[in-house]
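See structure below.
Read the figures in this text as sums done on the coordinates, not as results from a lab. Computed from a predicted structure; not experimentally measured. Glycine also receives a Cβ, built like all others from the backbone with ideal geometry; neighbour counts cover every protein chain displayed.
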Amino acid sequence: MIENRQDLEALDSADELREFRAQFELPPDVIYLDGNSLGALPRRARERIAGVVEREWGRDLIKSWNAADWISMPQRTGDKIAALIGAAKGEVVAADSTSVNLFKALSVALRVNPARRLIVSEKTNFPTDLYVMQGVIEQLGGDLELLLVDGTEEALEAALATRGAEVGVLLLTHIHYTTSRMYDMRRVTAAAHKAGAIIVWDLSHSAGIVPITLNACDADFAVGCGYKHLNGGPGAPAFIYVARRLHERFTQPISGWMGDARPFEFLPGYEPAAGISRYLSGTPPVIAMAALEASVELILEAPMEAIRRKSIALCDVFIELMDRHCAGFGLELVSSREGAWRGSHLSYRHEASYPVMQALIRSGVVGDCRPPDLMRFGFAPLYLRYVDLWDAAARIAEVLRTREWDRAEFRSRQSVT
């Protein structure tokens, strides 16, 4: 039990990750609890970007495609991400956005068993996943069907058991974007394969924050974004994983020149590159890719087991403090109290979630909202301190107690929530 702020200072002193905070640029008057939406800026990312802009682009110009090896950044960065998600070198490439990579993965996955025309997912999946599935069905036409079920292992297994012979693809987000609920990847992947289906995992809320074992779980495809827990910056390149056993069997639908076997021979006919490189399409965004690569390098310096332990501990402490200081103010925790089954963010329901969060942001506690009534608080172990949670809970309690949020200025909705 946490008795006082000094107890949390003691936890910070004993924290095996405490030195990493200095590697990030954080405003001194802000408690940043939104790293699950946009990670903080790593100092080395700033330095890497400056080097690319000032030296590689500014001085060396086009020579840097070779001299600085810009051309291999997608594969090089992909190999580093692979180490975070339990994949092997040559199975991950950094490219495009999560939505584009989902389209690639889903389009290819549906070709593995073309007679199977059913895509299965869960009802409250992240909108981009739902939209891409709908878009693929519209593009490919025919008798493709989308089945959305309740988001539990049991419901998914039941759907696979009853309609397994029809299921071509199961597409799931590993950690739910609102509730933070985490699937048992090994169990769900095994169930999909038992039914003869291909599995596609969206790792956007789990890459870089929880241990992931794609190869050990025998996963087929995975995608994820670079700007949440990978701290690659707003709109950072995403990534796609394809199990090596599937590399040479198919080509992906966006057959751009960077996915060609010999792009600089400028041949009129497309020949897919070997391995994961065939999942590239256009020219890599060098400046953005440099930031992502630098950040992933930093994360790899921290043991993932330590990141996960602190993530669970931070969430547990926050729940305890919120229970104590914010009871009676209309909050309802919708995330699991069991650390093993959640990611690294917590969602609370409140009928005035949007104005409450705007008031909190004004007070220096930064989280975000998801409709209709959820407030999300994210916990980034590499730069968040335990004492930050004490101060955040106190500010949240004050905003709720005084009803500071109940002002017109906090009810006007901004474009991004």
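Amide H contacts for Tyr241 (H built 1.01 Å from N in the peptide plane; partners 5 or more residues away or on another chain; cut-off under 5 Å): Ala222, Val223. With a cut-off of 16 Å, note down the residues of the stretch 69-104 whose backbone N falls inside the zone around a label point 7 Å from the Cα of Phe264 toward its beta carbon. Output list for this probe position: 69-75. If R0 equals 22 Å, the separation of the Cβ atoms of Arg111 and Lys194 corresponds to a calculated FRET efficiency of about 0.60. Loop-resident trypsin sites (Lys or Arg not before Pro) (DSSP state other than H, G, I, E or B) in the stretch 80-124 with no more than 11 further Cβ atoms inside 10 Å of their Cβ: Lys123. Mean-square fluctuation check for the chain, GNM, Cα pairs under 10 Å: which of Pro263, Pro355, Pro74 is largest? Per the Cα network of the chain with a 10 Å cutoff, Pro263 tops the list. Whole-Hz Karplus values for the stretch 263-275 come out as x, 9, 8, 6, 7, x, x, 7, 10, x, 5, 6, x Hz, taken residue by residue from phi with 6.51 cos²θ - 1.76 cosθ + 1.60 and θ = phi - 60°; glycine and proline positions read x.
Computing FRET efficiency as 1/(1 + (r/R0)^6) for Arg411 and Ala306, where r is the C-beta to C-beta distance and R0 is 51 Å, gives about 0.80.
According to the Kirkwood relation over distinct C-alpha pairs, the hydrodynamic radius of the stretch 49-300 is 18.5 Å. Among Thr162, Thr251, Thr189, the residue with the largest mean-square fluctuation in a Gaussian network model of the chain, with springs joining Cα atoms closer than 10 Å, is Thr162. For Ile199, the residues whose modelled amide H falls within less than 5 Å of its own, excluding neighbours fewer than 5 places apart on the same chain, are Leu170, Asp220, Phe221. If the segment from Asn66 to Asp218 were pulled out straight at 0.36 nm per residue, it would be longer than the present Cα-Cα gap by 51.1 nm.
Amide hydrogen proximity for Val149: with H placed 1.01 Å from N in the peptide plane, the residues at 5 or more positions away or on another chain lying under 5 Å are Ser121, Glu122, Lys123. With each label modelled as a point 7 angstrom along the Cα→C-beta vector, the Glu297-Arg245 pair spans 3.5 nm.
Taking every DSSP beta bridge that has both ends in the chain, the antiparallel portion is near 55%. The chymotrypsin sites (Phe, Trp or Tyr not before Pro) of the stretch 236-266 that meet both conditions, a loop assignment by DSSP and at most 13 other Cβ atoms within 10 Å of the site Cβ, are Phe266. Only the Cβ atoms of Lys and Arg (+1) and of Asp and Glu (-1) were treated as charged; on that basis the dipole of the stretch 104-176 about its Cα centre amounts to roughly 320 debye.
Compared with the alpha-carbon gap, the fully stretched path from Trp257 to Arg187 is longer by 21.4 nm at 0.36 nm per residue. Only the Cβ atoms of Lys and Arg (+1) and of Asp and Glu (-1) were treated as charged; on that basis the dipole of the stretch 367-416 about its Cα centre amounts to roughly 120 debye. What shape does the stretch 1-134 take by its C-alpha gyration tensor, where a ≥ b ≥ c are the square roots of the eigenvalues and a/c under 1.5 counts as rounded, a/b above b/c as prolate, and the rest as oblate? Cα axes put the stretch 1-134 in the oblate bin. Note on the chain: GNM, Cα springs under 10 Å; of Glu16, Glu153, Glu301, the largest mean-square fluctuation is that of Glu301.
Summarising the strand pairing of the stretch 48-189, around 10 percent of its internal DSSP beta bridges are antiparallel. Here the label points at Ala10 and Glu332, each 7 Å from Cα along the C-beta direction, are separated by 3.7 nm in the simple model.
Taken as Cα centroids, the stretch 230-287 and the stretch 80-117 sit 11 Å apart, rounded to the nearest whole angstrom. Lysine pair count for the stretch 49-300 with Cα-Cα distance under 22 Å and sequence separation of 8 or more or different chains is 6. Here the residues Leu140, Leu346, ranked from fewest to most Cβ neighbours within 10 Å of their Cβ, fall in the order Leu140, Leu346. The loop-placed trypsin sites (Lys or Arg not before Pro) in the stretch 155-264, going by DSSP, that have at most 14 neighbouring Cβ atoms within 10 Å of their Cβ come out as Arg249.
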